[in-house]
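The values are calculated or read from the model by the stated rules, or taken from the named source; none is laboratory data. Because the structure is predicted, anything quoted here is derived from the model rather than measured. Cβ placement follows ideal geometry from the backbone for every residue including glycine, while neighbour counts extend to all protein chains displayed.
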Amino acid sequence: MAKINGNYLKLKAGYLFPEIGRRVREFAAANPAAKVIRLGIGDVTRPLAPAVLKAFHAAVDDLGTIDQFAGYGPEQGYDWLINTIIEKSYKPLGVSLSTSEMFISDGSKCDCANILDIFALDNIVAIGDPVYPVYNDTNVMIGRTGDSDDKGYYKGIVYLPCNEANGFIPALPTEKVDIIYLCFPNNPTGVVASRAELKKWVDYANANAAVIFYDAAYEAFITDPSIPHSIYEIEGAKKCAIEFRSFSKTAGFTGVRCGLVVVPEEVMGTTESGEKYSFNKLWLRRTTTKFNGASYPVQRAAAAVYSDEGWKQTKEVIDYYMENARIIREGLTEAGVTIFGGVNAPYIWLKTPGGMTSWDFFDKLLNECNVVGTPGSGFGPSGEGYFRLSAFGHRENVIEAVERIKKNLK
Ligand code: MLT
């Protein structure tokens with residue numbers, strides 16, 4: 001009989017969001033009259049921007065013509081999309097990238113997981129706690145860890161606690177690590193890192209020959225002009241950082257699927273025999289072997305996000321979600337809840353009232369307010385006692401959810 005990959009059995013629970021979905025479905029089946037408002041998973045609710053939709057339709061039509069038909073594209077993405085992103089999204093930040101340094105994909109979740117393919121298993125990995133569960137679970141799946149302890153920490157991963165005392169920004173590791181995951185604006189806490197903060201990490205990485213995996217999926221939600229949108233705004237980052245971006249939240253592509261990875265030519269690792277080798281070359285090799293590219297119409301739609309009209313419309317949607325974030329933040333603060341995030345990020349991280357556990361608060365909100373959020377402990381042990389609300393809902397639902405919670409907590 002074929003043997004399974006036993007690393008999967010080390011995973012303690014099902015993936016967080018399907019588990020929440022399961023509980024909500026059970027509740028809804030038992031309470032069919034309840035109007036459940038979902039502010040759990042960060043899934044967008046606004047339609048695609050009209051200019052993006054138009055380009056998407058036109059590209060589908062291209063596929064019906066002899067002249068414009070597109071078969072296999074370049075595995076790493078079309079140059080016209082890559083160059084548009086470099087020009088429109090990186091150049092204004094003072095970041096110059098070459099076409100060969102960017103890779104278009106079908107989403108950032110897969111990229112964050114797949115990047116592990118090109119790193120040796122004996123690298124020491126550091127992740128925040130709480131954290132986007134994909135970073136933790138994919139390291140377990142690939143076999144980098146031992147079992148987890150009673151708290152849920154896996155042997156072999158260095159966890160960097162993020163708590164109220166450090167403003168949810170992890171301290172530099174006290175031991176030498178080889179790979180560091182950073183996510184700013186942060187999922188789940190919604191906090192951002194200043195330029196000075198990121199410089200500390202870049203300096204650490206360069207001093208320790210480490211690589212930073214910088215997840216910038218939420219950069220478009222930054223409202224404070226002093227906060228960097230890309231790690232490459234920080235001097236020295238092109239030597240040590242791989243950056244992930246996504247169209248999911250930025251442009252409503254959670255169902256459409258498109259993301260990107262930047263692997264600068266200068267980011268180097270070493271071979272078994274100690275010679276330097278470029279991660280960019282390895283990622284290209286991996287991509288061309290295991291992937292056939294994001295679909296042509298999706299890439300055309302993604303390029304349209306950066307047209308003048310497309311960006312104006314996309315920005316309006318981002319502003320809509322950030323107004324939702326303000327409504328949640330201010331409403332719950334009025335109700336006496338301690339709130340973090342939600343200013344430069346579409347997530348509001350709150351302290352559970354009365355010291356309830358995260359899952360108890362989840363059950364209370366679901367049963368008494370019919371509102372779904374995400375328990376902080378689902379993002380790691382240091383998330384216990386916290387709870388995440390997403391600002392991606394419909395406005396009227398967000399207003400109603402806040403009113404229900406306020407009434408309940410009075
Ligand atoms: C979240 O709610 O944390 C995200 O939607 C999950 C994801 O982007 O995969």
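Below are the figures for this structure:
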{"item": "Where a residue in segment 345-364 is closer than 18 Å to PHE27 by Cα and its partner, wherever it lies, is of a type in the set (Asp, Glu), with Cβ under 7 Å and at least six apart", "result": "SER358/GLU384"}
{"item": "Residue within segment 158-167 that is within 27 Å of ASN344 (Cα to Cα), modelled with pLDDT of 95 or more, among the aromatic types (Phe, Trp, Tyr) and within 16 Å of the ligand (Cβ to nearest atom) present", "result": "no"}
{"item": "Boolean, ASP137 is touching a Gly at 6+ places or on another chain (Cβ under 6 Å), at pLDDT 95 or above, part of a helix (DSSP H, G or I) and within 14 Å of the ligand (Cβ to nearest atom)", "result": "no"}
{"item": "Near pairs, Cβ below 8 angstrom, 6+ apart or cross-chain, from segment 141-168 (more than 25 Å from ILE118 (Cβ to Cβ)) to any residue that is of a type in the set (S, T, N, Q) and part of a loop (DSSP other than H, G, I, E, B)", "result": "CYS162/ASN186; CYS162/THR189; PHE168/ASN186; PHE168/THR189"}
{"item": "So GLY77, is it under 17 Å from SER295 (Cβ atoms) and either modelled with pLDDT under 95 or more than 16 Å from the ligand (Cβ to nearest atom) (or both)", "result": "yes"}
{"item": "Scope segment 90-106; condition in contact with a Pro (Cβ under 8 Å, 6 or more places away or on another chain) and over 22 Å from THR287 (Cα atoms); matching residues", "result": "LEU93"}
{"item": "Qualifying residue in segment 396-410 (condition: under 19 Å from the mean Cα position of the chain (by Cα) and touching a residue at least 24 places away in the same chain (Cβ under 8 Å))", "result": "no"}
{"item": "Residue satisfying all of: in segment 140-151; in contact with a strand residue (DSSP E or B) (Cβ under 9 Å, 6 or more places away or on another chain) and in a loop (DSSP other than H, G, I, E, B); farthest from ASN206 (Cα to Cα) among these", "result": "ASP147"}
{"item": "Top-ranked residue in segment 169-207 [being more than 16 Å from the ligand (Cβ to nearest atom), part of a loop (DSSP other than H, G, I, E, B) and buried (at least 23 other Cβ atoms within 10 Å of the Cβ); ranked as farthest from the chain's Cα centre (by Cα)]", "result": "PRO170"}
{"item": "Output for segment 42-66, where each listed residue is touching a Ser or Thr at 6+ places or on another chain (Cβ under 7 Å) and within 16 Å of the ligand (Cβ to nearest atom)", "result": "GLY42, ASP43, VAL44"}
{"item": "Positions within segment 229-241 being surrounded by fewer than 24 Cβ atoms within 10 Å (Cβ to Cβ) and in contact (Cβ under 8 Å) with a residue 60 or more places away in the chain, in sequence order", "result": "HIS229, SER230, GLU233"}
{"item": "Checklist (1) part of a loop (DSSP other than H, G, I, E, B); (2) away from the ligand (no atom under 16 Å from the Cβ) applied to LYS91, failing item", "result": "(1)"}
{"item": "Yes/no for ASP129 being within 26 Å of LEU350 (Cα to Cα) and either surrounded by 15 or more Cβ atoms within 10 Å (Cβ to Cβ) or of a type in the set (Phe, Trp, Tyr) (or both)", "result": "yes"}
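Let's see how each residue does on (1) at pLDDT 95 or above; (2) among the aliphatic types (A, V, I, L, M); (3) over 25 Å from LEU260 (Cα atoms); (4) in contact with a Phe, Trp or Tyr (Cβ under 6 Å, 6 or more places away or on another chain):
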| residue | (1), (2), (3), (4) |
| --- | --- |
| LYS3 | yes, no, yes, no |
| GLY14 | no, no, yes, no |
| PHE27 | yes, no, yes, no |
| ALA33 | yes, yes, yes, no |
| LEU39 | yes, yes, yes, no |
| GLY71 | yes, no, no, no |
| LEU81 | yes, yes, no, no |
